[in-house]
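The values are calculated or read from the model by the stated rules, or taken from the named source; none is laboratory data. Just so you know, these numbers come straight off a predicted model, no measurement behind them. A quick note on method: Cβ atoms are made from the backbone with ideal geometry, for glycine too, and the neighbour counts reach across all protein chains shown.
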Amino acid sequence: MLGIESVMRKNFIYPWLPLTIFWFVSVASRYFFNGLVYDLDFGIYQPDGIWYTLRTLEWIGIPGSEAASEIASWYTQNSAKGFQYKSSDLYPVPNEVWGLVAPRILYSILSIPFVLILGIKGMLVIPSISLLILMTITVLIAKHFDKLHFGFALAVFFSTSPTILRWAISNTTDSLLLGLFAIVAFLMIKIETKPNLIYLMLIMVVLTNITRVSTPIWLALSLILFLNSSKVIALWIMVVNFITTIPVLLLRPQSAFLPLQQDDDFLTKFFSLPKSLIKVGFFEIAEIAVLDRLFLLFLFLSLLGSIFALKHKESQYFLAVLLAVWLLGAINGNIGVNFRYQLPLIPFAIIPFLNGLTDFGNWNVRGALNVIRKKTQ
């Protein structure tokens, strides 16, 4: 009995207790120390967060005009750039903004109890919990592959990365989407051996699509499942993904596609997409190279590990999601947003990274060629 208690106590202390401490320190440091970096907004109250906060305040019973006035005052005092908004800028919500945020209801719903208790600060609770989910899932995925210590180290790295923390602790949907796809990445590892997880997976399809548009990511994942003989699971995901995308298509199909070219017609935008893909890819990598080189190394080793182990489903998931989030960033068209639209890739990079770390440790030109030849035979 004492032996069981000792094991349980040991498993609680490591890795969960230190992991929680690192998470708490990261959240506290972001809350107390945030602002401008190279004139980039690394604040915890982002412009996009206005609309989710407005909706949450309305849902707890505050009239729209009063909520808008409260938010405008809050942003003047607490945003990194001291945004000067008038309540008339926020309410009634402009049609073009409403078309974008209307389907994104989950973040505001989950934030209701915390806003009731903490006020506008409560909008930071769900993002903070989402970061903890990412760190926890990182350890669980690594433990599943008998690499617990590496997983713990990687989870700690996630809690220190400026790129991840910029969006993980801010009042936007990006952190919640990252946390949800961390759960998805863990489910993808187990779903082929436990088909009943399909019900939970379909719930995740719905939750992610009412957090932020995730259609290309689910198409990519379902394609890999389909090619790996999980055709029924893949088809169900495709169907639910399509159904939950309908509100987005109805409310904002045109202006969501390359919004910076709002005066161009659809055909012109379509032919501009390859250029946007190149620009987004270049500027995202360049910005990370300036701001967060360790994170860039993480991405490089993940790509390396996925190429070296291409037959593994985890590598295929990573590469498929990489293309999907790259496309999402290109469709949006904004450049230099510090990996914001690519955040869902991170949990799918965990196992490719650990594989890449192992291969890179023994890397040389001849050795690399031998590894590639062996793993592709």
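Output the residues belonging to the stretch 101-115 that are in contact with a Phe, Trp or Tyr (Cβ under 8 Å, 6 or more places away or on another chain) and touching a residue at least 60 places away in the same chain (Cβ under 8 Å).
Here is the first cut: in the stretch 101-115, the ones in contact with a Phe, Trp or Tyr (Cβ under 8 Å, 6 or more places away or on another chain) are 101, 104, 107-109, 111-112.
Result: ARG104, TYR107.
Looking at the stretch 316-331, I want the residues that are in the same structural domain as GLY305 (by TED's automatic domain parsing) and assigned to a helix (DSSP H, G or I) and have a partner that is modelled with pLDDT of 95 or more and among the aromatic types (Phe, Trp, Tyr) with Cβ atoms under 7 Å, at least 6 apart or on another chain. Which pairs are those?
Between residues of the stretch 316-331 that are in the same structural domain as GLY305 (by TED's automatic domain parsing) and assigned to a helix (DSSP H, G or I) and residues that are modelled with pLDDT of 95 or more and among the aromatic types (Phe, Trp, Tyr), the close pairs are TYR317/PHE348; PHE318/PHE348; VAL321/PHE348.
Do we find that ARG55 is buried (at least 18 other Cβ atoms within 10 Å of the Cβ), basic (Lys, Arg), touching a residue at least 24 places away in the same chain (Cβ under 8 Å) and out of contact with any Lys or Arg (no Cβ under 7 Å at 6 or more places or on another chain) in this structure? Spell out the reasoning first.
Details: buried (at least 18 other Cβ atoms within 10 Å of the Cβ): yes; basic (Lys, Arg): yes; touching a residue at least 24 places away in the same chain (Cβ under 8 Å): yes; out of contact with any Lys or Arg (no Cβ under 7 Å at 6 or more places or on another chain): yes.
Against the criterion (buried (at least 18 other Cβ atoms within 10 Å of the Cβ), basic (Lys, Arg), touching a residue at least 24 places away in the same chain (Cβ under 8 Å) and out of contact with any Lys or Arg (no Cβ under 7 Å at 6 or more places or on another chain)), ARG55 qualifies.
Given (1) farther than 15 Å from TYR45 by Cβ; (2) part of a helix (DSSP H, G or I), identify the lone condition not met by LEU124.
(1)
How many residues, within the stretch 200-247, are over 16 Å from ALA185 (Cβ atoms) and buried (at least 22 other Cβ atoms within 10 Å of the Cβ)?
Count: 4.
Residues are listed down the side, and each one gets a yes or a no for (1) in contact with a strand residue (DSSP E or B) (Cβ under 6 Å, 6 or more places away or on another chain); (2) of a type in the set (Phe, Trp, Tyr); (3) over 25 Å from ALA289 (Cα atoms); (4) outside any helix (DSSP H, G or I):
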{"residue": "THR20", "(1), (2), (3), (4)": "no, no, yes, no"}
{"residue": "TRP23", "(1), (2), (3), (4)": "no, yes, no, no"}
{"residue": "SER26", "(1), (2), (3), (4)": "no, no, no, no"}
{"residue": "ARG30", "(1), (2), (3), (4)": "no, no, no, no"}
{"residue": "ILE50", "(1), (2), (3), (4)": "no, no, yes, no"}
{"residue": "ARG55", "(1), (2), (3), (4)": "no, no, yes, no"}
{"residue": "TRP74", "(1), (2), (3), (4)": "no, yes, yes, no"}
{"residue": "TYR85", "(1), (2), (3), (4)": "no, yes, yes, yes"}
{"residue": "SER88", "(1), (2), (3), (4)": "no, no, yes, no"}
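Pairs only if they're at least six apart or on different chains, beta carbon under 8 angstrom, first in the stretch 71-93 and of a type outside the set (S, T, N, Q), second surrounded by fewer than 16 Cβ atoms within 10 Å (Cβ to Cβ) and outside any loop (DSSP other than H, G, I, E, B); list them, first residue then second.
Between residues of the stretch 71-93 that are of a type outside the set (S, T, N, Q) and residues that are surrounded by fewer than 16 Cβ atoms within 10 Å (Cβ to Cβ) and outside any loop (DSSP other than H, G, I, E, B), the close pairs are ALA72/ASP89; ALA80/LEU36; LYS81/LEU36; GLY82/THR76; PHE83/THR76; TYR85/THR76; TYR91/SER65.
Check whether at least one residue in the stretch 353-365 is modelled with pLDDT of 90 or more and in the same structural domain as ARG212 (by TED's automatic domain parsing), and report yes or no. Steps first, please.
So the first thing to find is which residues in the stretch 353-365 are modelled with pLDDT of 90 or more, and the list is 353.
Now narrow it down to the ones that are in the same structural domain as ARG212 (by TED's automatic domain parsing): 353.
Checked the stretch 353-365: at least one residue is modelled with pLDDT of 90 or more and in the same structural domain as ARG212 (by TED's automatic domain parsing).
So PHE295 clears everything in (1) at pLDDT 80 or above; (2) loosely packed, with under 15 Cβ neighbours inside 10 Å except one condition, right? Which one?
Evaluating PHE295 over (1) at pLDDT 80 or above; (2) loosely packed, with under 15 Cβ neighbours inside 10 Å leaves (2) as the failure.
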